[in-house]
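S.K.: Before I ask anything, let me first share the structure, which is written out below as structure tokens.
Derivation of every value follows stated rules applied to the coordinates shown; laboratory data play no part. All values derive from a computational prediction rather than experimental measurement. Every residue, glycine among them, receives a Cβ derived from its backbone with ideal geometry; neighbour counts consider all protein chains shown.
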Ligand code: DX5
Ligand code: ZN
């Protein structure tokens with residue numbers, strides 16, 4: 001059996017904001033599989049990043065799937081804008097609104113892949129009732145809002161639990177980890193069952209993006 005495919009999704013949050021087009025192209029050239037775009041509203045999380053206009057502006061600069069992580073509340077009024085801007089995967093937190101099931105239905109109806117993001121204090125069971133609408137589950141291994149934080153080992157059992165839940169569905173649901181992922185912590189994520197790794201600082205903070213991405217693959 002061939003080893004499972006590992007996807008590396010560099011997070012643009014750690015890129016040079018004065019030259020984002022170049023950074024996106026560099027990440028693609030360096031072997032990135034997806035591009036992770038962190039959307040923060042200064043309300044759901046204590047930081048502000050960028051919105052759909054920037055996603056739209058970057059779209060022509062890359063053929064990579066755009067993995068849009070919404071840290072905004074409410075998220076529903078913006079789902080169509082991110083889909084139209086060029087998002088391929090749109091993920092949101094259950095805490096962002098009262099109707100997670102409906103939000104996932106909306107993303108699917110927009111023709112995009114739908115994801116659920118679990119904060120460190122949110123249990124795996126939060127996604128169980130909506131697994132049939134999930135194309136991706138994202139486990140936060142830091143509290144969302146900032147790059148460059150320390151990886152929380154406490155989230156590893158949750159990754160393993162989610163891998164078992166996904167296997168039981170028989171469906172291809174991506175299992176992604178976000179926050180503090182480095183060449184040192186990546187093997188723990190993969191051993192627990194993750195198949196997709198977000199890395200901001202570990203890629204855009206490196207001098208050689210290709211070497212950094214290769215190191216994350218182990
Ligand atoms: C945090 C974001 C992450 C962040 C990761 O709220 O969701 O995607 O960019 O940054 P690093 O890899 O530096 O921890
Ligand atoms: Zn993220």
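S.K.: Arrange 134, 189 by Cβ neighbour counts within 10 Å, fewest through most, would you? Present the calculation step by step, with values, prior to reporting the outcome.
M.R.: Numbers: 134 22, 189 27.
Fewest-to-most Cβ neighbours within 10 Å comes out as 134, 189.
S.K.: So between residue 210 and residue 172, what do we pick up on full extension, going 0.36 nm a residue minus the alpha carbon distance?
M.R.: 10.9 nm
S.K.: Compute the Kirkwood hydrodynamic radius of segment 1-60, taking the inverse of the mean of 1/r over all pairs of distinct Cα atoms, and give it in Å to one decimal.
M.R.: Details: mean 1/r = 0.0773 Å⁻¹.
Value: 12.9 Å, from the Cα pair sum.
S.K.: Next question. At a threshold of 8 angstrom on Cα-Cα distance, excluding pairs fewer than six apart, so keeping six or more, what relative contact order does the chain reach in percent?
M.R.: With pairs under 8 Å counted, the relative contact order is 22 percent.
S.K.: Sticking with this one: Work out, step by step, the length gained on full extension between residue 5 and residue 183: first 0.36 nm times the residue separation, then minus their alpha carbon distance; give nm to one decimal.
M.R.: Length gained between residue 5 and residue 183: 62.4 nm.
S.K.: Starting from the Cα of residue 47, step 7 Å along the direction of its Cβ; do the same at residue 121; then give the gap between the two resulting points in nm.
M.R.: In this crude label model, residue 47 to residue 121 measures out at 1.9 nm.
S.K.: Here's a follow-up. Can you sort 133, 138 by how many other beta carbons sit within 10 Å, fewest first? Write out the running numbers ahead of the final one.
M.R.: Details: 133 18, 138 29.
Going from least to most buried by this count: 133, 138.
S.K.: Okay, moving on. From zero up to wherever the largest Cα-Cα distance of the chain sits, split into 10 Å bins and tell me the percent of pairs in each.
M.R.: It works out to 9, 38, 40, 14, 0, in whole percents.
S.K.: Would you mind telling me which residue in 144, 123, 60 has the biggest mean-square fluctuation in a Gaussian network model of the chain, where springs connect alpha carbons within a distance under 10 angstrom?
M.R.: Fluctuation is largest for 60.
S.K.: Neighbouring Cβ atoms within 10 Å as the yardstick, rank 22, 38, 67 fewest first.
M.R.: Sorted ascending by nearby Cβ count, the order is 22, 38, 67.
S.K.: I need the Debye-formula profile for segment 72-135: one equal scatterer per C-alpha, no solvent, reported as log10 I(q)/I(0) at q = 0.13, 0.16 1/Å, two decimals.
M.R.: Here the Debye-derived log intensity ratios amount to -0.30, -0.45.
S.K.: Rounded to the nearest 500, what is the 222 nm mean residue ellipticity of the chain from helices alone, with -39500 (n - 2.57) per DSSP H run of 4+ residues and division by all residues?
M.R.: Calculated mean residue ellipticity at 222 nm is -8500 deg cm²/dmol.
S.K.: Then there's this: Can you give me the convex hull volume of the Cα atoms of segment 33-148, divided per residue and expressed in Å³?
M.R.: 104 Å³
S.K.: Mind checking the full-extension length gain between residue 102 and residue 84? Use 0.36 nm per residue of separation minus the Cα-Cα distance, one decimal, nm.
M.R.: Result: 4.6 nm gained on full extension.
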